[in-house]
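Step one of this worksheet: look at the structure below.
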């Protein structure tokens, strides 16, 4: 390999040289004609007997190339392992390159007729394919459902994004399908379709409400942990300090220059979140609850700023296992005071979080509790807080039915906070959500009970979440 080749990054090499490499084995998923979705595998063979692979996820009914990935210069062993993993998930069959080429470029053309472009990853992975010229023998495929664009999605939010493109390109000449539909629906039916009835999972035998499906993804976490004060890591991760730091330890930590401490704490949060945001290894669960992240969240309440709020909110976007692993039952006590202190003057950022789809509902309630604290500590801002909640409840109107950014459990827990605030101004908005029949009444009772509590209860926002850091740790000590 020349010096010029060695200087190229894998991405540069793929763009500039991959098409000069011989094509190796190609595979695709068997039976794709019936389901409309398949995986395509294309191999390029390097002179040094390594392999670069392009993998394409294709929707032949409507969307074309939905995703793609590449694996650069794999040796024979890694190549075989990757193929084995794919074969465990897909029924693959070996095919000619001409077949996969015509399939990929044919479905891209079909999707573009509906206004849908290939996923942005194809900007690079296209270079693992030959150029689409007449040099490639033509093979005809039939795309769509009975020749028509037919979009399948998991929820109305995703559907609405595609429908806008399809309507612009095709008018109403397309089909759409959502879970629990007994058959595809015509595009002209979209604007008047009863999505609320479709997504309500209540039945005569079960009063349970549906829950928001977790789907949040983020890929910008740091791969390496770099902090200035490395002694923080063993101190915060020491099992002897789980859930509690003595006053002396707190003072020694706060003696670090404030901004430098803030940056180190944020880096620990981001790194730990990136490491545990997916599946947590079994061996990790066998140890005590890892509270290093809990300490960082608490301490950031003391030394953090607006940038820290973004980091805390990102940690609040994770799945249920993440919270169970790092916080146990102490998540509310860790998050609520910190969110209050960092977010009380940035309610727009807290609202943006509440409008982010695909999050864990129990995490959302920490935001609600933090905003409610403003009425306790800054009562002169009550009207501002009421309007924040009014906007949130109005946002949920029409979304509760499809569990977009909320679900029945969240609304029930939110009602508890509004009772504590005596938020009688919001009774019309609360009733409108209760009228859907989807609020989890196990959380707070039916609407009549909520209304009575708001109007007549003596409950108030108690001092469950002190903001003084020493008091916070003395309360957390009970979780040991």
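Bear in mind these aren't lab numbers, they're just calculated from the coordinates by the rules spelled out. Owing to the predicted nature of the structure, the values given are computational and were not obtained by experimental measurement. Reconstructed Cβ throughout: ideal geometry from the backbone, glycine too, with neighbour counts over all protein chains shown.
Structure data summary
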{"quantity": "Reciprocal mean inverse distance between Cα atoms of region 341-480 - Kirkwood radius, Å", "calculated": "15.7"}
{"quantity": "Prolate/oblate/rounded call for the chain, Cα gyration tensor, a/c under 1.5 rounded", "calculated": "oblate"}
{"quantity": "Over region 111-184: Rg over Rh, Cα atoms, Kirkwood Rh", "calculated": "1.04"}
{"quantity": "Relative packing of 333-339, 315-321, which averages over residues the other C-beta atoms within 10 Å, highest first", "calculated": "333-339, 315-321"}
{"quantity": "Mean residue ellipticity (222 nm) of the chain, computed from DSSP H runs ≥ 4 via -39,500 (n - 2.57), nearest 500", "calculated": "-14500 deg cm²/dmol"}
{"quantity": "Ranked by how many other beta carbons lie within 10 Å on average, peptides 15-23, 131-139 from highest", "calculated": "15-23, 131-139"}
{"quantity": "Relative contact order for region 3-128, counting Cα pairs under 8 Å that sit 6 or more residues apart, in percent", "calculated": "30"}
{"quantity": "Neighbour-count ranking [beta-carbon atoms within 10 angstrom, fewest first] of 101, 391", "calculated": "391, 101"}
{"quantity": "Fully extended contour minus Cα-Cα distance, from residue 94 to residue 12, at 0.36 nm per residue", "calculated": "26.7 nm"}
{"quantity": "0 to 90° range, to nearest 10: angle between helix 382-396 axis and the chain longest Cα axis", "calculated": "30"}
{"quantity": "Full-stretch length increase - residue 229, residue 170 - with 0.36 nm per residue and alpha-carbon distance subtracted", "calculated": "15.3 nm"}
{"quantity": "Extension gain (nm, one decimal) between residue 140 and residue 246, 0.36 nm per residue minus Cα-Cα", "calculated": "30.9 nm"}
{"quantity": "Principal-axis tilt of helix 447-456 within the chain, Cα atoms, nearest 10 degrees", "calculated": "30"}
{"quantity": "Coordinate range along principal axes, alpha carbons of region 232-479, Å, largest first", "calculated": "52, 41, 31"}
{"quantity": "Tensor-based shape of region 309-349 (alpha-carbon gyration tensor, a/c under 1.5 rounded, otherwise prolate or oblate)", "calculated": "oblate"}
{"quantity": "Mean Cβ count within 10 Å, highest first, over the residues of peptides 399-405, 273-279, 220-226, 255-261", "calculated": "399-405, 273-279, 255-261, 220-226"}
{"quantity": "Global geometry of region 3-128, whether rounded, prolate or oblate, following the gyration tensor of its Cα atoms and the 1.5 cut on a/c", "calculated": "oblate"}
{"quantity": "In degrees, nearest ten, helix 292-303 long axis to first principal axis of the chain (Cα)", "calculated": "60"}
{"quantity": "Label-point gap, in nm, between residue 35 and residue 395 - each point 7 angstrom along Cα→Cβ", "calculated": "3.6"}
{"quantity": "Using a Förster distance of 25 Å, the FRET efficiency for residue 382-residue 467 (Cβ separation, nearest 0.05)", "calculated": "0.85"}
